[in-house]
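First the structure, in the form of structure tokens, and then the observations on it.
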Amino acid sequence: MSRKFYITTPIYYVNARPHIGHAYTTIACDTIARRQRMFGADTFFLTGTDEHGQKIERAAQAAGKTPQEFTDEVSAQFRALWQRMGITNDDFIRTTEERHKKRVQELFRRIRDNGHIYKGTYTGQYCVFDELYVDAVGPGAPCPECGRPTETVKEENYFFKLSVFADKLLQLYTEQPDFIRPETRRNEVMSFVRGGLRDLSISRSTFSWGIPVPDDPKHVIYVWLDALANYITAIGYGSSHKGAQEAFQKYWPADLHMIGKEIVRFHCVYWPAFLMAARLPLPKGIMAHGWLLFEENKMSKSRGNIVRAETILDVLGADALRYFLLREVVFGQDGSFSFDALVQRYNSDLANGLGNLASRTLTMITRYFRGQVPYPSAAFSQSAGDNAIAENARKVIVECNALFDQYQFSRALEAAWGLVAAVDKYIVENEPWALGEKQDEESRSRLATILYTSAEALRIVTALAHPVIPDATSKIWSQLGLGDIRKLVLPELKWGQLPLSTKLGNVEPVFPRADKSAIERMQKMEEQQRGGSSTTQAQPDASTTVPPVATQAAAAPAAKLAVTVPDGKISIDDFAKVDLRVGQVKAAEKVKGADKLLRLEVDLGTEVRQVVAGIAESYAPELLIGRKVVIVANLAPRKLRGLESNGMIVAASPEGGKAVLAGFLEDVPVGTRLK
Ligand code: ME8
């Protein structure tokens, strides 16, 4: 039976839309989950949304929605974003789901039956932002975590006997030093617990947006107990179904809870104490990473300094975001995000680095060996340089795997890219293009060895980088003629496995270079989202999905990758610039004084757009509500009758007839891209 691996992200609050801080944790977990699968582990990767509590209730009120409507919308935005980014989570749990609610009640009962819950009265301060009971005095006293004013709470509550677990927790941290990583967080937690633990209020009775306490529904369960329990409810704890029970037996305890550093106390103190009280096994480890900073502060909705992942996906793609975050930020520490650094890293490491290595190597094999991997033959064609690359690759495999195992993503990628740089230098020094001009046997043989060596090194880097940049590496793998990269068994990766005579696939650039305008474009997109001061409208080409200049830095003089476009036809790259998506009409009305126009609000999964469409003569507005449509999502905004239209609905317009909307016979999720 294969080894199991269960990994979780925090479940994200739905008080605001996702940003790249959330994406950061999710990408790190996705990378780990993908690696585990490549190592043959039976992997379960869980993420989801945290939807109860006062903070969410108030956010819904502020938006003029019921909590359920509100949480449905924002939770769908998270789900759609992960889908768009190719995140490979096995489940997505929402705390408002029935399965979760019932199982949390079961956990509460169990802790109560084990004698760890009593009723009392809580009088003290509460921080709604952190959903945290705070040791502070007086109304308005600042929360020690976030500095916001706290509220005074006086209510009859259920209490959890946290105080009795202090010694057991300290024993846990001492006996299992890896329980909390990195070490700095472990030290913080240990001194917090050594300072003494007070019993914890685990219910609230002055609002109702939560899971009722079993047998006492005037109370709702404290949102952190509700939320933390997702890690077990999602995999079947507390279910009476046999399948769910088996899944729980199989996957629990979690191998890794990945979190941001601000929620360490909940995960490293409260959660193990709840589990001890329920007599359930404890997770094997908790890893707390640092914060993404933007404009020198923690990126967060409340500070208004967020960057949306969608902007980066639109302009540079998911791999660029994944690579940047894991390469640029030392995992565990805080790291700054900037569009300049993103584009610089993208160009240096992806476009000019791996992308260029792939295109120049594969293009030369295509040109000089009719697209078949050549034989590195005969002794006279070997040089010390060839062997050095092989040796380097062998070392990189070991080093990179060890670093990934310790979640040192940045150093792991640095090691892999060290090989890219070495091969680049090797190619420049050996000038295969000059050998390619000669026909004598020795030159051919030498050329074969150089290109085989380069292609094999490319294969190794591609395999190692796959969990981080899955899209591009899948493409390079198939361009290498190796088929589906997901079939690769990573522990078996060795130098010299590239089969000779392998027929390459179609060679196409994977990372087009981004020019300076990419930075401006992303900045503008974000400013517009924030309703910022910039009044500049996006230029007609400002929202293309692929940055300009589609050629990689070419292998001199061999690689020529420009796409020729005969007879007014467009290339696949041109088509890829059109961002066609499935949207769902949420609201529709006639535009005053315009017989042909309707104003629509279209949900794209990640946002709701206003679109003005010339379909009023074909469709009554009320018939469009709920209908799924195809929308050109990256059209520059324009004004029609004073209304800004952000996108275009796709319809057939028969000569002299009425417009007919494009649609689908099968159900398809909102936000799905058409390609
Ligand atoms: O805390 N930098 O949800 P949340 C890095 N619902 N990571 C960031 C980040 C940033 N600027 N901003 C957010 C909650 N994150 C609770 C969790 S779990 C049982 C309940 C990531 O929406 C990071 O993982 O505030 C952080 O811990 C998490 O999002 C907080 O998400």
Residue satisfying condition, being at pLDDT 95 or above, in contact with a helix residue (DSSP H, G or I) (Cβ under 6 Å, 6 or more places away or on another chain) and buried (at least 21 other Cβ atoms within 10 Å of the Cβ), within set A234, A229:
A229
Is it the case that some residue within the stretch 449-461 is of a type in the set (D, E), touching a Phe, Trp or Tyr at 6+ places or on another chain (Cβ under 8 Å) and in a helix (DSSP H, G or I)?
yes
Hey, does the stretch 433-441 have a residue that's under 16 Å from P374 (Cα atoms), buried (at least 23 other Cβ atoms within 10 Å of the Cβ), of a type outside the set (A, V, I, L, M) and in contact (Cβ under 8 Å) with a residue 40 or more places away in the chain?
no
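When you go through A402, A416 one by one, which is the residue that is closer than 30 Å to A288 by Cα and either out of contact with any helix residue (DSSP H, G or I) (no Cβ under 7 Å at 6 or more places or on another chain) or not in a helix (DSSP H, G or I) (or both)?
It is A402.
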Which one of these does I7 not meet: (1) surrounded by fewer than 18 Cβ atoms within 10 Å (Cβ to Cβ); (2) of a type in the set (A, V, I, L, M, F, W, C); (3) within 22 Å of P283 (Cβ to Cβ)?
(1)
Give the residue that is surrounded by the most Cβ atoms within 10 Å (Cβ to Cβ), with candidates limited to residues of the stretch 155-172 that are in a helix (DSSP H, G or I) and in contact (Cβ under 8 Å) with a residue 60 or more places away in the chain.
L169
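Residue-by-condition table, conditions (1) of a type in the set (V, I, T); (2) more than 20 Å from Q529 (Cβ to Cβ); (3) in contact (Cβ under 8 Å) with a residue 40 or more places away in the chain; (4) not in a loop (DSSP other than H, G, I, E, B):
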{"residue": "Q610", "(1), (2), (3), (4)": "no, no, no, yes"}
{"residue": "A616", "(1), (2), (3), (4)": "no, yes, no, no"}
{"residue": "L623", "(1), (2), (3), (4)": "no, yes, no, yes"}
{"residue": "V630", "(1), (2), (3), (4)": "yes, yes, yes, yes"}
{"residue": "A636", "(1), (2), (3), (4)": "no, no, yes, no"}
{"residue": "K639", "(1), (2), (3), (4)": "no, no, no, yes"}
Checking K101 against (1) assigned to a helix (DSSP H, G or I); (2) surrounded by 21 or more Cβ atoms within 10 Å (Cβ to Cβ), the condition it does not meet
(2)
Every residue in the stretch 240-276 that is more than 21 Å from N89 (Cβ to Cβ) and of a type in the set (D, E), please.
E262
Going by the structure shown, is A76 part of a helix (DSSP H, G or I), more than 16 Å from D226 (Cα to Cα), at pLDDT below 95 and away from the ligand (no atom under 15 Å from the Cβ)?
no
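Could you list, in sequence order, all residues of the stretch 588-608 that are in a strand (DSSP E or B) and among the small types (G, A, S)?
If the condition is that a residue be in a strand (DSSP E or B) and among the small types (G, A, S), then A588 is the only one that fits.
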Which pairs turn up if I take residues in the stretch 13-32 that are farther than 16 Å from D50 by Cα and look for partners that are of a type in the set (G, A, S) and more than 8 Å from the ligand (Cβ to nearest atom) with beta carbon separation below 6 Å, at least 6 apart in sequence or on another chain?
I20/A309
Please go through the stretch 104-126 and pick out each residue that is closer than 13 Å to Y222 by Cβ and outside any helix (DSSP H, G or I).
I117, Y122, Y126
Kindly state which helices (runs of 4 or more DSSP H) lie completely within the stretch 219-332 and contain at least 1 residues that are within 9 Å of the ligand (Cβ to nearest atom).
223-228, 230-233, 271-277
Considering P253, P283, which residue is modelled with pLDDT of 95 or more, touching a Pro at 6+ places or on another chain (Cβ under 6 Å) and surrounded by fewer than 19 Cβ atoms within 10 Å (Cβ to Cβ)?
P253
With the requirement that a residue be free of Cβ contacts under 8 Å to residues at least 12 places away in the same chain, surrounded by 13 or more Cβ atoms within 10 Å (Cβ to Cβ) and in contact with a Pro (Cβ under 8 Å, 6 or more places away or on another chain), what does the stretch 113-154 give you?
P142, P149
Can you name the condition, by its number, that M276 falls short on among (1) of a type outside the set (G, A, S); (2) within 30 Å of W252 (Cβ to Cβ); (3) surrounded by fewer than 19 Cβ atoms within 10 Å (Cβ to Cβ)?
(3)
Might you check whether a residue that is surrounded by fewer than 23 Cβ atoms within 10 Å (Cβ to Cβ), acidic (D, E), within 15 Å of the ligand (Cβ to nearest atom) and modelled with pLDDT of 95 or more occurs anywhere in the stretch 338-351?
no
Across the stretch 35-57, which residue is farthest from the chain's Cα centre (by Cα) among those that are near the ligand (Cβ under 10 Å from one of its atoms) and part of a helix (DSSP H, G or I)?
K55
Verdict on R185 being surrounded by fewer than 23 Cβ atoms within 10 Å (Cβ to Cβ), within 16 Å of the ligand (Cβ to nearest atom) and closer than 20 Å to A288 by Cβ:
yes
Residues (assigned to a strand (DSSP E or B), under 23 Å from R79 (Cα atoms) and not basic (K, R)) located in the stretch 642-675
L674
For G335, only one of the following conditions fails: (1) under 30 Å from K261 (Cα atoms); (2) among the small types (G, A, S); (3) in contact with a Ser or Thr (Cβ under 6 Å, 6 or more places away or on another chain). What is its number?
(3)
Going through (1) outside any loop (DSSP other than H, G, I, E, B); (2) modelled with pLDDT under 95; (3) within 14 Å of the ligand (Cβ to nearest atom) one by one, G21 fails only at (2)
Exactly one of (1) among the aliphatic types (A, V, I, L, M); (2) more than 10 Å from the ligand (Cβ to nearest atom); (3) farther than 30 Å from D471 by Cβ is unmet by I32. Its number?
(3)
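The values are calculated or read from the model by the stated rules, or taken from the named source; none is laboratory data. Note that the coordinates shown come from a computational prediction; the quantities given were computed from them, not determined experimentally. Backbone-built Cβ (ideal geometry, glycine too); neighbour counts: all protein chains shown.
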